[in-house]
Structure formats: C-alpha cells, structure tokens
Amino acid sequence: MKRSILLLFIPFCFIAVFQSCNSEKGQVAENATTKLAVKWELVTNFPDTGTGYTARFRLINHDSRELTDKNWALFFSIAPSPVIKTPLQRATLEHLNGDWFRLYPNPGFFLKQGDSTDIFYKAQGAVIKETDGPLGIYIVYYDNEGREESIAEIDNYTLIPFTRKEQQLRGTADKEVAASPAKTYWENASLSVLKPDQLLPVIPTPLHYVAGNGSFTINASTRISSGEALKEEASLLVTYLKEAGGVDLAVAESGDPGGIHLVIDTAAVLEKRPESYRLIINEKGVTITGYDAAGVFYGIQSMLALIPTNVYLGKETAVSLPYVSIDDAPRFGFRSVHLDVSRNFQTKGTVLKILDVLARYKINHLLLYTSEDEGWRVEIPGLPELTEVGSHRQHVSSKETAALHPAYGSGPFANGKGKHGSGFYTRSDFIDILKHAKKRHIKIIPELNFPGHARAAIKSMEARYERLMKEGKEEEANEYRLIDPEDKSIYLSAQLFTDNVVNVSRESTYRFFEKVVDEFDKMYKEAGLTMDIFHAGGDEVAEGAWTKSPEALELMKKNADIKDPKNLQTYFFRELLKRMEKRNLAIHGWEEVALLKDANGRYIPNPEFAGKKVVPYIWNNLFDYPDLGYRLANAGYNVVLCNVSSFYFDLAYSNDPKEPGLYWAGFIDTKNAFAFAPYNMLNTTFKDAMGNEVHFDQPGLNLQHLRAEARKNILGLEAQLWSETIKGSEMLEYYILPKLLGFAESAWSPERRWETESNRQKRMKEIDDDWNRFANTIAQKEFPKLAKINGGYAYRIPPAGAIVNGGQLKANTALPGISIYYTTDGKEPTQQSALYTEPVPVSGNVLIKTFDAAGRSGRTVSPGSSAPAFKSN
C-alpha cells in the first residue's frame, strides 16, 4: 500500500474533466518541433493565508508561430496535488487525471515571437524536491476548429533550483531543518571511523559467529565438491569466485582435502530449520552444510562476505578466507522486497540484476508489481490489449479514451527515447525471471491489484470491448469487461485518479481475475515451479467508488448485509477468495483486505478471514493506525510488516531538494531500515511525516502491543520500492542501495539488545552505537563489493556534511570510511584534490565531494562561510 499524497486528509477542491474535439490520432502530426521555452519555479510553500504552495510558469516564445487563446495547450506530469483556483492569470492549470495536467490559455491570451509571460498557480500540499516539478512537457497545437493539429515535446525547459527556505520546507507545519551541509554535519556528528578489525564480518549478522586463527587460501587448484542436488549452487559459486577474485574452480562430485565442500545434512546443522546452515573454514578447507539447498546457498553468501575487501578492489590476488565457525538461520522465513515496474518500467535485465543483489543479502521473496493504474507489464495470452494498450502511455485527447495517458514524465509518445512509461515482459521474459530467481532461492510473488489501482486493466479491457463490438461480438466483448458503463460515481484516488476502480458486481470482473491468475500459473509450471501465493493488491479504493453505480447498488439490494458501498470491497475479496481457494493459493494483499470500515469510516480488523490463507501486508505505522500490524496479528492474521517509516525505499534519503524521492511519510535512510524492532515496533518509530518526534512507546497510550502468543503471526518483513520517481536502472539501484543492507539486517539477523530496551534514551544510544559499526561496514566492506559484482551497482554515496566556522573547515560523512576531498578555488573536487583528514583552515570558494574506495562519488556540496547556531538533534 502506498500514498503519494495524503489525500484522505485533504478536502477535494477542484477537478475538471478534460474533453477535446480533436481530429483522429492518425491526422495529428507527432514529429512537430517547437521553439517555445518553458521555465518553472516554486515560489513558496508558505502562503500568506491557509496552506498549499504557489508556483509559476514562464513561457518564452522563440517560435515564429504566435500563441493565441485558442491554438495551444501545454501538457505534463507533476507531483499530483489538487489545484486551487488562481484568478487573474493569463492561463489556467487544470488537473486531468492522476499526475497528468494541462495549462491552457484564457480568453485574450496572445504571445508573439520574442515575448514572454508569467503564469502563477496555487495547489494543495507542498513540494520540496526538484523531481516534483513538471516532467515530460509537451505542447499540442490546435487548428481553427479546435482540432489537434500537431504535438511537440518541449526541449527548452528549465527548472529553477530550490534554494530558499520557503522552497525547502513544507510550510509552517514542517519541523525538519532545511537541508544544508551544516545540517548533515551535525546529523553525522556522533559517528566515528572504525578500524577494519572492528567491522562486522558478515551482513546480515549471523546467529552464531566464532573467529579462528589463520586463513585458508582459494587458488586455481581448489576444487568444489557437491552432489547432484547442489549443482546449481556449485555453479553459482564458481561464477561468484571468478567474478570476485579471478579464480576459476572446477566442480566434482567428491572433494579433495583442502577444497570447498557443499553438503545438505539436516542433522549436522545447529539450527534445525529451513534455510539454516553451518560454515566452517579451517586448515582442511571450507565446508558449507545446509539444512536444505537454500541453507547451502546462504552459507555461500556468508563465505563470499569474508573475502578481503582488497580482492574486490583488485589490490590483492590471493583469495584468503579467515578461519571461522558460523551457525546461522534466519529470524524470519519471509524476507521480501516489493518492486513496482508498472508506474515506470524496468527491463528484464534490470530485474535479473536486482534479483542477484537481493540474493547476496539473503532476501528470499520478490513481490513483482506488474499491474497498476499507469501500466500493465506481463503478456497474457488471449488478452492482447493488456500489453498492446496497457503497457504504453501516450497523449490522448481525453481520459475517456481506451488508452493510457502520460504519467511520471513519460511524455506524449509511447516508447519515447529516455522515457520509462512503456514496456512489458513477454511470457518468455517472465519465465526467465522466474527461473533466474529460483536458482537464487527467491520466490517471485505475482500481483494483480483489484478493485482499485486498476486503470491499466480497465482501459485495456475497454479497448477490447470496443474492438469486439465493432466486430459484432457482443457476448465476447462483455466477457472480461471491468466497468459498469452507467456508473456515475465521483471519487478521487490517493494518486488523483477518477476512474481506476473495477465494478465488483460483474461476474466478468472475477472471470478476468481468474484468467490472469491461470495464465500466471501456466508460466510458473513452465519454469518448473508451483505458484502457491498470489498478491491481490486491495489498497486505496477511493471513497465514493460504486456510490452511483446501478449495478453495484443492485448488488447491495440483494445483499442486505452490505450496508454501505465502501464495504463492497469486503464482498469482492470474499468472492475472490472462494475462487482462489479452489486453486490452492494463499492470497496476500495490502492491509485493507483484512479490514472493514465502520460507520465513521475508520478501519477496524475484520475477523472473517483470520485463520484462512490470507496475509495482509501492513504499511501504516504512522498517521491514524500506528499499531495496526499488531492489532491484526493479535486478531489471528499472519501479517507481513512493511512499515512506512522504516521500509519504504522510494521515500527520499533526506529533504535535500536535489535528493530524489517521495516524502509523504517523511524521509528514510539506511539507518531507518536497520533500526527496526519487529516485535517492539512502537519502540523504533521516532518521527512522523512532518519531522515531529513521536512517542508511541509511552506507557498508557491506547495502542496494542504484540501479544507473546501472536509473535508467530509475524510472518516476516517487506521493503517497498514504488517507482513514481524512478527512471531507469541506475536510479533504481541508487534508491535500493544501501537501504537494502539495513533491511536485510532487520529481516535475517537475531534480536538486537536495544529491541527490548524500555528506556528510550538508553535504547537510542545503543542503536547509535550499533549503527556506527554497521555504517562503517557498509562504507569500508560492502561498497567495494557492490562496485565489483555484476558489473557494479549504482549505490548511493552520501554527500559530505560540512561547516566552516572561523575560517576552519570541518567535514564528515554518514558512512564513516568514505573519503572526503575538497578544493578552495571553486573547481570540482577529484581524488587528486586535497584529502580531508582533520579540521583545516580554508578560504575562497570551497567545494567538497565524497568518494568511496572504489572511486564512486557522492554529490558535490559547498559548506558556505559559516556554521549555523544550532546543532540538529
């Protein structure tokens, strides 16, 4: 579940339906050019009255074509917020659907060549990120009859940087300190650099670890022994070692002394449960014993973690492993990452590369989100429109068109260069992904989000309906139709869609769901797998859906127990569950699948599905339901904790305007993912979305704690990566790394001392101490490895924190062990610039840049001339 903006708490204020009398698409010139220049500036998040933000467009007409009040409109994506009517402007900003907006001229508008004009507008909420500005801007020119004549992308676009306080904070309610190198410096002040022998030997931390004296060296004569049951694991180990240190080992069924032995022996492991392993390295060689093949695979990952950093950096050739004895098993059997490839598409190769890094850190599930409002991403035989229509975004003349409009900057043309709105996986692609994951002991969980978040499916099936009706095949046309054509309901979803909810009273809706599930099942079978989990979504059905649907209201008449349209979702899930149970599927979904709405519209646990194969995923540990995960676990549900304040990787690392990402629930860095107590999560929720300190751990609050007997109902943890702001593979890797490492520690490793500490001050001190070691390990050990494996990952190097006080530069970093270089002449720092090691006198234009041992760098910052008078807490 997710919310780009908290519309549940913002009154709906303005929306207009965009209709245009245009010519057919085939008559519109799509290769047009324009010399119109556009600038966009956030004016302020601090209005004189009320709340909201003010921004302005500047249009500069370098084109010979004059702009009138009838012959043009600008279209673009922008962070979705309801528009506040702004009078006395030469043009009007109009919300169309989702994050798709248009700017059209008011009567009397005229802009000749060489002239410019400013257009101000107001909207609800606040924007503080440069990624919040308009994206994918294009102009549509109209003829004298109002028909679309040509479409041109705006190439000359400038976003004015956010430099002022009123641009960097979210209004008066924002309790965060505005981003600056000084703020970062004080946030890092408690961290210190550790020596290599003080670092964690393995991430995630093993259950039992005993270091020995000595080392075993792997060389070309070392052999790997494994039986037939472990041939895949042995093959991967060969690949891993060749990649890390250049050694190419042979595999044999039986090994020689001094080799690497892979064994399954349930009796020989200390922790006798799935995925457990024992790793012994001594003078006899390496022995990895697993409870099962997965345990052997995870033992291999721990062995690889022990390879010296200098081997990954290419500074040493000998792959020497320290003598150790490790007995290990996961804390949770369900350790998952959610990857949204619907809102912005990621290629098959990118998904395979992400699977590889998940496996390195012992993640065993991937929820692959392939359907959403903005895109359908998997080929389904028999329903070609799902990919012909649902996998492409492009300009449409109306949101009523049976096609997908632009979103997230995808622009006017499907498959545009450098855009990420279009694309899908063929059946063969998806089967390849399944097989790749299987070899790495990762289960792919498929998904179809109903009844909300379904616009791509709805529009695809409307295109199918229209095609078959033209062919005179009415019965076939209605077979998979997803809407009530007479539905006049008015609603606005969390992402500002007005048309993304399916009709739950139609049998064709369930038939569609079953068709998709059955086609996924066939792909699993072809990959040699059994599909036993299906994720049904179920989140964020907008208030007002179904209220004016004749078919839905008729269903309510026949089912008197459904007293309010809002609880038609429970009816839908009940009916869906009957069908999925026949297929022996466990149904996972967002928390709403296990909730009911009371008369006041508040969510309460629904006991109906407890004890069944229904698993709710709980994201909401802030806002109005901070204990919801425990309430459902105490009620008998197996739950997956997806806490937004810890595990939403699409939330920005910080409030720096240049740091991409969302922030509707605050800011999430690697420490947030690390500092999580699964059985005492109220103890590790520290801030709300606006930066206020929260104290859910205070005695006497009306919040449920997890009962001892309900611990078994915490199935596991999941980290979320929604892709609204993610464009391409490098950006994806930047968002997920290094946050993934903190998450892996919370999901795999044993309970940490501070998780049960009742004293808040002591708990936070213990977290800080443990985090210092973890942060050092990321910088000094994990980054060099991530730079080498799989061709290298685009992990995030944090920018330096810095102050200049009394002419003296002081600098630090959030991950100690990263190097800091600086210049004083305004030139870009490199690794040949001055290395910062201690406070140093400076003058001039100081620039600072971080570099890790592999030579990857963070963002350049300038500390300014003086330190602030505060120390950030």
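The values are calculated or read from the model by the stated rules, or taken from the named source; none is laboratory data. Remember, predicted model here, so these are calculated numbers, not experimental data. All Cβ positions, even for glycine, are placed from backbone atoms using ideal geometry, and neighbour counts span all protein chains on display. For accessibility, only protein heavy atoms count, side chains too; no ligands or nucleic acids. Shrake-Rupley method; radii C 1.70, N 1.55, O 1.52, S 1.80 Å.
Across the accessible surface of the range 368-418, with the other protein chains kept in place and a 1.4 Å probe, carbon and sulfur atoms take up 49 percent. 3J(HN,Hα) couplings calculated from phi for the range 389-394 with the Karplus curve 6.51 cos²θ - 1.76 cosθ + 1.60 (θ = phi - 60°) are, in sequence order, 9, x, 9, 10, 10, 6 Hz; Gly and Pro show x. In the full protein context, the chain carries 38 Å² of accessible surface per residue, based on a 1.4 Å probe and ignoring ligands, DNA and RNA.
In this structure, the amide hydrogen of residue 261, modeled 1.01 Å from its nitrogen in the peptide plane, lies closer than 5 angstrom to those of 225, 286, 287, 288, counting only residues at least 5 positions away or on a different chain. Dipole check for the chain: with +1 at the C-beta of Lys and Arg, -1 at the C-beta of Asp and Glu, and the Cα centre as origin, the magnitude is about 1260 Debye. Karplus-derived 3J(HN,Hα) values for the range 64-72, using 6.51 cos²θ - 1.76 cosθ + 1.60 with θ = phi - 60°, are 6, 7, 6, 9, 10, 7, 9, 9, 7 Hz; glycine and proline are entered as x. Amide H contacts of residue 483 (H built 1.01 Å from N, in plane; Pro and chain starts excluded): 503 sit under 5 Å, all sequence-distant by 5 or more or on other chains.
Each principal axis of the Cα atoms in the range 655-705 has its own extent, and those three values, largest first, are 41, 21, 12 angstrom.
Per residue, the convex hull around the alpha carbon atoms of the range 746-839 comes to 144 Å³. Over the chain, the hull volume per residue, using the convex hull of the C-alpha atoms, is 179 Å³.
Rounded to the nearest 10 square angstrom, residue 190 shows an accessible area of 90 square angstrom against a 1.4 Å probe. Computed on protein heavy atoms with a 1.4 Å probe, the accessible areas place 92, 347, 222 in the order 347, 92, 222, largest first. Does anything in the range 834-862 have its amide N under 19 Å from the 7 Å Cα→Cβ label point of residue 315, and if so which residues? Label zone hits: 834-838, 850-858. Of the beta bridges DSSP finds with both residues in the chain, what % are antiparallel, to the nearest 5? Rounded to the nearest five, the antiparallel share is 65 percent. For the range 275-324, evaluate the Debye formula with one uniform point scatterer on each Cα (no solvent term) and list log10 I(q)/I(0) at q = 0.19 Å⁻¹, rounded to two decimals. After summing over all Cα pairs, the log10 values are -0.63. What part of the accessible area of the range 426-533, given as a whole %, is carbon or sulfur when the probe is 1.4 angstrom? After summing per-atom areas, the C and S share lands at 45 percent.
Averaged over residues, the count of other Cβ atoms within 10 Å places the peptides 32-39, 368-375 in the sequence 368-375, 32-39, highest first. With distances taken between every two different alpha-carbon atoms, the range 479-563 has a Kirkwood hydrodynamic radius of 14.8 Å. Secondary-structure-derived ellipticity at 222 nm for the chain, considering helices only, amounts to -6500 deg cm²/dmol, per-run term -39500 (n - 2.57) for DSSP H runs with n ≥ 4. Can you compute log10 of I(q)/I(0) for the range 658-763 with the Debye formula, treating each Cα as one identical point scatterer, at q = 0.14, 0.16, 0.20, 0.23 Å⁻¹? Values returned for q = 0.14, 0.16, 0.20, 0.23 Å⁻¹ are -0.67, -0.86, -1.21, -1.41.
How large is the translational diffusion coefficient of the range 109-193 in µm² per second when you combine the Kirkwood radius over alpha carbon pairs with Stokes-Einstein at 37 °C and 0.692 mPa s? Translational diffusion coefficient: 188 µm²/s.
For the residue pairs 522/548; 195/712; 439/739, the C-alpha atoms sit more than 31 angstrom apart in 522/548; 195/712.
Exposure check, 1.4 Å probe, all protein chains in place: residue 558 carries approximately 150 Å² of accessible surface. Normalised by 2.2 N^0.38 Å, where N is the number of residues, the C-alpha radius of gyration of the range 266-416 stands at 1.54. For the range 337-451, the equivalent ellipsoid derived from the Cα gyration tensor has semi-axes of 27, 14, 12 Å, listed largest first. Counting protein heavy atoms only, the range 556-673 has 48 percent of its accessible area on carbon and sulfur, 1.4 angstrom probe.
Surface listing: 46, 109 arranged by accessible area from highest to lowest gives 46, 109, probe 1.4 Å.
Across the range 710-723, computed HN-Hα scalar couplings (Karplus, 6.51 cos²θ - 1.76 cosθ + 1.60, θ = phi - 60°) run 9, 4, 5, 7, 7, 5, x, 10, 9, 9, 10, 9, 7, 10 Hz from first to last residue, x flagging Gly and Pro. Computed on the Cα trace of the range 433-487, the radius of gyration divided by the Kirkwood hydrodynamic radius gives Rg/Rh = 1.23. Computed with a 1.4 Å probe over protein heavy atoms only, the accessible area of residue 195 comes to about 140 Å².
Computed across the range 49-145, the Kirkwood hydrodynamic radius from all distinct Cα-Cα pairs reaches 14.2 Å. Take the cross-link list 566/687; 272/612; 353/612; 417/488; 70/122; 183/417 and give me the ones stretching past 29 Å between alpha-carbons. As for pairs spanning more than 29 Å Cα to Cα, those are 566/687; 353/612; 417/488; 183/417.
Summary value for the chain: 12 percent relative contact order, contacts being C-alpha pairs under 8 angstrom separated by 6+ residues. Give me the net charge for the shell around residue 222: Cβ to Cβ below 13 angstrom, other residues only, Lys and Arg +1, Asp and Glu -1. After counting each charged neighbour, the total is +1. Taking all protein chains together and a 1.4 Å probe, the residues 473, 348, 548 rank 548, 473, 348 from largest to smallest accessible area.
Built from the Cα atoms of the range 404-549, the convex hull projects on average onto 10.9 nm², one quarter of its surface area. Give the percent of DSSP beta bridges with both residues in the range 229-318 that are antiparallel, rounded to the nearest 5. Within the range 229-318, antiparallel bridges account for around 55 percent of the total. Among beta bridges identified by DSSP and lying wholly in the range 732-873, the antiparallel ones come to about 90 percent.
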